[in-house]
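Working notes, structure below.
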Amino acid sequence: MPVPSSKPNLLVRSAHPFNAEPPPDRLLASPVTAQADFYVRSHGDIPHLDPATHRLRVGGRVATPLDLSMAELRERFPARTVIAVLQCAGNRRADLQTVRPTAGDPWAAGAIGNAEWTGVALADVLRAAGAEDAAPHVAFECRDTVDMPGEGRFAYGVSIGMAKAMAPDTLLAHTMNGEPLAPEHGFPLRAVVPGYAGVRSPKWLAAITVQDRPSDNHMQQRDYKMLPPDVTEDTVDWQKGVTIDDMPLTSAICQPAEGAVLDAGRTRLGGYAVATARAVARVDVSADGGRTWTQAELEHDPAAPWSWTLWRIELDLPRGRHELAVRAWDSAGQTQPALPDDVWNFKGYLSTAWHRVHVSVA
């Protein structure tokens, strides 16, 4: 499919379905990522829906099923705004592919973005429907269609646990950075589940079902699982995989870019770090592949706990080749593994090893 007109500068990783990420330096342009610079992860065609006719159904184990228009959703429930990172579980897959091939698009470090999302709390909608407290799962069904070899065509669907669904910052969002969602970001309605992998924040949302089991959709049952390194596509048992919900601690260098040629002397480096349910406590940067480290300056909005942390530092780089590296630490003293070999899996998920960038200084 053609590149959306709102995304002229993205690096296309797949034309169909359309998947693209920004050049890494664009992630440093602002603490809140503009829609034009926000990555796009699609599993099928991008639907173009009419907000005047689009409806949201809420059913399953509820006392009062709902069938809401977009206008009714806005009028009936109070607006809520949350600043939160969304990140593809395959972000930085390209690092894992330097170890061995994996399935999936070769994402660099840009399958991530931080936005201001406005909509209504999913919890408010579930309470209005009289969701049963004993029902442990909330399933989403969407209007995009996935065409999967061996699986045929099916509507995209996933689920989250009831506790996360009832968290006040879990949204049904219609607005991004004060603007209507672009079609590629889920217009007119999507879920936003802060801290979870992007797969759990489905776009083009059409139905919510309260139920006693996770979604039986392919995307929930046979994809987006944490798998050990000895498992292959031929040997995988999806029932033994761990569903990817919370995203692990990670960080990346966004400036300078891989392969950059720099002038000798003071060089400014910058990037992001993300920790789920804990704060980023420290970011270390190395100019010699991890033999020595210097602590970076951090920028984080304490009023936005689901936001990322941006980091910056100036290092004195002499002439020659340099392997820059970054690692983050969270408030529990946890840090990232050193090598992509340590986290390799055939699906290419959760690439959280030190991020490394190679530059030449003239």
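All of the numbers you see were taken from the coordinates with simple rules; none came from a lab. Predicted, not measured: the structure shown is a model, and the values here were computed from it. So basically every Cβ, Gly included, is an ideal-geometry build from the backbone, and we count neighbours across all protein chains shown.
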| request: Name the residues whose placed amide hydrogens come within less than 5 Å of the amide hydrogen of residue 282, ignoring near sequence neighbours (fewer than 5 apart) on the same chain. | output: 329
| Positive-end extreme of charge dipole, the range 250-361 - chosen from 302, 267, 359 (charges on Cβ) | 359
| request: Check cross-link reach from residue 347 to the lysines: straight Cα distance under 24 Å, and skip same-chain residues fewer than eight apart. | output: 203, 225, 240
| For residue 260, distant residues with modelled amide H under 5 Å away | 360
| request: Name the residue farthest towards the positive end of the dipole of the chain from the options 205, 290, 87, assuming +1 on Cβ of Lys and Arg, -1 on Cβ of Asp and Glu, about the Cα centre. | output: 290
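Magnitude of the Cβ-charge dipole of the range 11-243, K/R +1 and D/E -1, about the Cα centre, nearest 20 debye? Before the final figure, lay out each step's value.
Values: 23 positive and 28 negative charges, 53 e Å.
In total the dipole reaches around 260 debye.
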| task | Among DSSP beta bridges whose residues both lie in the chain, state the antiparallel percentage, nearest 5. | result | 95 percent
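Find, among the trypsin sites (Lys or Arg not before Pro) in the range 306-362, those assigned to loop by DSSP (not H, G, I, E, B) with at most 12 other beta-carbon atoms within 10 angstrom. All intermediate terms of the calculation are to be shown ahead of the outcome.
Details: sites: 312, 319, 321, 327, 347, 356; in loops: 319, 347.
In loop regions of the range 306-362 (DSSP not H, G, I, E or B), the sparsely surrounded trypsin sites (Lys or Arg not before Pro) are 319.
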| said: Only Cα pairs within less than 10 Å get springs; with that Gaussian network setup on the chain, which residue of 287, 304, 325 has the largest fluctuation? | reply: 304
| said: For residue 222, what residues show an amide H to amide H distance below 5 Å, using hydrogens built from the backbone and excluding near sequence neighbours? | reply: none
| message | With an 8 Å Cα cut-off and a minimum separation of 6 or more residues, compute the relative contact order for the chain in percent. | response | 18 percent
| note | At the level of C-alpha centres, the distance separating the range 205-231 and the range 66-130, in angstrom, is 16 Å
